[in-house]
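Everything below concerns the one structure shown next.
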Amino acid sequence: MYGYLGIDVGSVSTNLVLTGEDGTIEQSIYLRTQGKPIEMVQQGLKQMQAALPGKVKVIGVGTTGSGRHLAGVITGADIIKNEITTHAIAASNVVPGVQTILEIGGQDSKIIILRNGVVADFAMNTVCAAGTGSFLDQQASRLNIKIEEFGSLAMQSSVPVRIAGRCAVFAESDMIHKQQMGYNVPDILAGLCEALVRNYLNNVGKGKEILQPVVFQGGVAANAGMKAAFERALGHPVHVPPYFDVMGALGAAMLAREATNRKTTGFRGFDVADRDFKAGGFACDGCPNVCEVVEILESGQVIARWGDRCGRWSNALDRNQKIS
Amino acid sequence: MGYMWICIKAMLEYLNVEVVVPPPSSKKTLLLGVKHAPEFACMPLKLNLGNFMEAAELGADTIVMAGGCGPCRFGYYAQVEHAILRDLDYQYQLVVLEPPQKHIGELLSKIKHITGRQSWRRVINGIRFGYHKAEAVDKLERMAHYCRPRETKAGTTDRALQNALKEIIAVAAPEGLPVALNRAVDIMKAVPLEKNRPVLRIGLVGEIYTLLEPFANQDIERKLGSMGVEVDRSIYLSEWVNEHLFLGLVKNTRNSKLAKQKAVKYLRHFVGGHGLETVGSTVLYAEQGYDGVIQMLPFTCMPEIVAQSILPRISSELGIPVMTLIVDEMSGEAGLVTRLEAFVDLLARRKQTREVLA
């Protein structure tokens, strides 16, 4: 059997997806990045190999997410793509005719508008990270609730409390205030969901025409409270696809299929999981910019560099891989 | 601000004024600026302040700065920065080059103040020299915009541009400029290109400092170039100098009049800075068949925020994708690259489907 591998290294989670030749998901893995992207990619590859039935030959690899370059270098990816494109590709394949994608991940949130199957417009949160997965995570742990239970608890609420959601710091103060006033936890959680949805629609979704069908994906889509809050705010149903949390990786796998059309893959095999990768770095002293250059070393040998503005270091390697 | 120093330096050195060129804006410049500037001022102020502090270390004693009179805060920046510098015990004299209110003579007298006892004729020649250098630099930059997405080997255009600029910078007298420009143009023409490569065309609009200073816009022109995008800026230095400092004395150049006419449908009032030009240029780019427009502004820039709120309407009416990028000292490069990549992908796919339909 042949398959395509998609890897999405995000701030909070690292996801791997293996699709068959027709693009259906054979296996998906969801891991927490925990600030160790290299290890997590390796661990993910190991788990993937263990989970696969016998003979699967990977004939294409795509990486995405904020750690896409890192993952791309380690695995020898055929395509390294930003998460907006991959999310759009995945959603339009899973839900044909989708016109709006709401995506909320760990550190960013975005809205993608598709028309006729092509991305027509998008927006990402710009100067504020309030209302993303990390904040929900943090609030859940402050209230000593498992993030997995957040959604179902919020759904028990009958009267959501109004919470000021423009800024994460003020939202937290307001939540504490409401909690000290004696409101119960489900109502506060439901209120938080509504506040985040308001914030999202006002900041990320401002000026965008949100048409049906609407798809809600990214890690936060697991939260039923958020889905319900979106449906209340938009006034129509919001669709959460079955693999909502690995859509980026799925899109990357689909792009890998396109990229390896009539070409052999650069995939370096599952055994990269056992090789020794290290990330090092140094401050360049060539000019007052003092760029922090990152080096990826494999068994002591530099295989990639980036982070310099001028290209002095990233262009110095003979491997003609384009980083960006 | 970008390559503006080349022409100012030429003008002043021609007039026997010793010029200290601060090092190009860098992280250090920004750190100095951020430390001493008010937090809510926009990034240009912080960078300028840092530039002046770095120049003082090299022995500068007079600041020459552009000013302005309009709703944009920039008009006060020269004074504010001067005051901050005074508080920090820097002894600077301040000369503000402002758009003359009535007559170009106001500008000339200020220049005279810097230049001292020199004949008017020489001063005017000096100004002309500076202006012609600005034109030369703009010409080279335009060539670089064309070459970058088409170069066969990554990085050759950037190197050629640096060498070509050196030719222009080295010229000390007006007589030598045409020859040097020819040499510089030849350097640019020598960049090996693949002429038939399909490229996307994006117009850059927005606030002038962010557009012209590569450090402020995180080298957006180079980044887009390497993604296969030919860019055009709505503002070039020589055009701005001609329009604002010479009050349009030099005729037959591209100026913002057309852009302002195009803006009338959407915005009928001067909003300061380049807000009006941003709106008008977006319309122009749409009419000229560009694939997309990117607006750049420093965080808290009022004129551009006005323009930003109008752009979605232009975008939907004229069918041109527009993206807005806001920069300040907190901007991360990864976020910028992701957005640019996604925007370029969007434009490429759009173009593909259009070509299939056509």
(request) Compute the relative contact order of chain A as a whole-number percentage, counting only Cα pairs closer than 8 Å that sit 6 or more residues apart in sequence. (result) 21 percent
(request) Partner chain Cβ atoms within 10 Å, averaged over the residues of B:223-232 - can you pull that number for me? (result) 1
(request) Pick out, in residue order, every one of the trypsin sites (Lys or Arg not before Pro) in segment B:118-179 that is DSSP loop and has at most 10 other C-beta atoms within 10 Å; say none if there are none. (result) B:Lys153
(request) Scale the Cα Rg of segment B:123-197 by the rule-of-thumb value 2.2 N^0.38 Å and send over the ratio, two decimals. (result) 1.19
(request) Grab the Cα-Cα distance for B:Lys260 and B:Arg313, subtract it from 0.36 nm times how many residues apart they are, and report the gain in nm with one decimal. (result) 17.4 nm
(request) Pick out, from B:Ala307, B:Gly292, B:Pro44, the residue whose Cα sits farthest towards the positive end of the charge dipole of chain B, with +1 on the Cβ of Lys and Arg and -1 on the Cβ of Asp and Glu. (result) B:Gly292
(request) Mind putting together the pair-distance distribution for segment B:199-358? All Cα pairs, 5 Å bins, whole percent per bin, short to long. (result) 2, 9, 18, 22, 21, 15, 9, 3, 1, 0
(request) Pull up all non-local amide H partners of A:Ala120: gap of 5 or more, or a different chain, and H-to-H distance under 5 Å with H placed in the peptide plane. (result) A:Ile113, A:Leu114, A:Arg115
(request) Scan chain B and report its longest stretch carrying no GluC sites (Glu not before Pro) that are both in a DSSP loop and have at most 12 other Cβ atoms within 10 Å. (result) B:195-358
(request) Tabulate in residue order the Karplus-calculated ³J(HN,Hα) for segment B:226-240, using 6.51 cos²θ - 1.76 cosθ + 1.60 with θ = phi - 60°, rounded to whole Hz; enter x for Gly and Pro. (result) 6, 8, x, 10, 8, 10, 9, 9, 6, 10, 10, 4, 4, 5, 5
(message) Within 10 Å, at most 13 other Cβ atoms, and a DSSP state outside H, G, I, E, B define an exposed site. Report the longest part of chain B free of exposed chymotrypsin sites (Phe, Trp or Tyr not before Pro).
(response) B:41-269
(request) Could you run the Karplus curve 6.51 cos²θ - 1.76 cosθ + 1.60 with θ = phi - 60° over segment B:205-216 and give me ³J(HN,Hα) per residue in whole Hz, x for Gly and Pro? (result) 10, x, 6, 4, 5, 5, 6, 8, 9, x, 5, 5
(request) Give a quick list of GluC sites (Glu not before Pro) in segment A:13-61 that DSSP marks as loop, anything other than H, G, I, E or B, with at most 14 other Cβ atoms within 10 Å. (result) A:Glu21
(message) Step by step: find N for the protein assembly as shown, compute 2.2 N^0.38 Å, then divide the Cα radius of gyration by it. What's the final number?
(response) 1.04
(message) Report the gain in length on full extension from B:Glu57 to B:Lys35: 0.36 nm times residue separation, minus Cα-Cα distance, nm rounded to one decimal.
(response) 6.2 nm
(message) For chain B, what does the relative contact order come out to in percent, with C-alpha contacts under 8 Å and a separation of six or more?
(response) 17 percent
(request) Could you list which residues have their amide H under 5 Å from that of B:Val271, counting only those 5 or more apart in sequence or on another chain, with H placed in the peptide plane? (result) B:Leu276
(request) Would you please give the FRET efficiency between A:Asp276 and B:Phe270, computed as 1/(1 + (r/R0)^6) with r the Cβ-Cβ distance and R0 = 51 Å, to the nearest 0.05? (result) 0.25
(request) Starting from 0 in steps of 20 Å, tell me what percent of the Cα-Cα pairs of chain A lands in each bin. (result) 31, 53, 16, 0
(message) I want to verify a result. In a Gaussian network model of chain B, Cα cutoff 10 Å, which of these has the top mean-square fluctuation: B:Ile111, B:Ile305, B:Ile84?
(response) B:Ile84
(message) For segment B:17-117, I need the span (max minus min coordinate) of the C-alpha atoms along each principal axis, in Å, sorted largest to smallest.
(response) 38, 34, 24
(request) Might you report the magnitude of the Cβ-based charge dipole of chain A about its Cα centre, with Lys and Arg at +1 and Asp and Glu at -1, to the nearest 20 debye? (result) 360 debye
(message) Need the C-alpha centroid separation for segment A:1-59 versus segment B:186-240, integer Å.
(response) 39 Å
(request) Tabulate in residue order the Karplus-calculated ³J(HN,Hα) for segment B:37-44, using 6.51 cos²θ - 1.76 cosθ + 1.60 with θ = phi - 60°, rounded to whole Hz; enter x for Gly and Pro. (result) 8, x, 4, 8, 6, 7, 4, x
(request) Compute the distance in nm between two label points, each set 7 Å from the Cα along the Cα-to-Cβ direction, one at B:Val19 and one at B:Lys112. (result) 2.2 nm
(request) Quickly estimate the mean residue ellipticity at 222 nm for chain B, helices only: each DSSP H run with n ≥ 4 gives -39500 (n - 2.57), and the total goes over all residues, rounded to 500. (result) -17500 deg cm²/dmol
(message) Charges on Cβ only, +1 for Lys and Arg, -1 for Asp and Glu, centred on the Cα centroid of chain B; of B:Ala263, B:Val96, B:Ser226, which one is farthest towards the dipole's positive end?
(response) B:Ala263
(request) Could you check the simple spin-label distance between A:Ile176 and A:Arg115, using points 7 Å along Cα→Cβ, in nm with one decimal? (result) 4.7 nm
(request) Using every pair of alpha-carbon atoms in segment A:37-187, split the distances into 10 Å bins beginning at 0 and state the percent of pairs per bin, rounded to integers. (result) 9, 26, 29, 25, 10, 2, 0
(message) Is there a quick way to get the dipole size of the protein assembly as shown? I mean about its Cα centre, with the Cβ of Lys and Arg at +1 and of Asp and Glu at -1; what is the value in debye to the nearest 20?
(response) 1500 debye
(request) Give the calculated FRET efficiency between B:Asp87 and A:Cys167 to the nearest 0.05, with a Förster radius of 45 Å applied to their Cβ-Cβ distance. (result) 0.90
(request) Using label points projected 7 Å from each Cα along Cα→Cβ, tell me how many nm separate B:Gln352 and B:Phe246, to one decimal. (result) 4.7 nm
(message) Explain nothing, just the number: dipole magnitude of chain B about its Cα centre with +1 on each Lys and Arg Cβ and -1 on each Asp and Glu Cβ, in debye rounded to the nearest 20.
(response) 1000 debye
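Every number here is computed from the coordinates shown, using simple stated rules; none is lab data. Keep in mind it's a predicted model, so treat the numbers as computed, not measured. For neighbour counting, all protein chains shown are included, and Cβ atoms are generated from backbone atoms with ideal geometry for every residue, glycine included.
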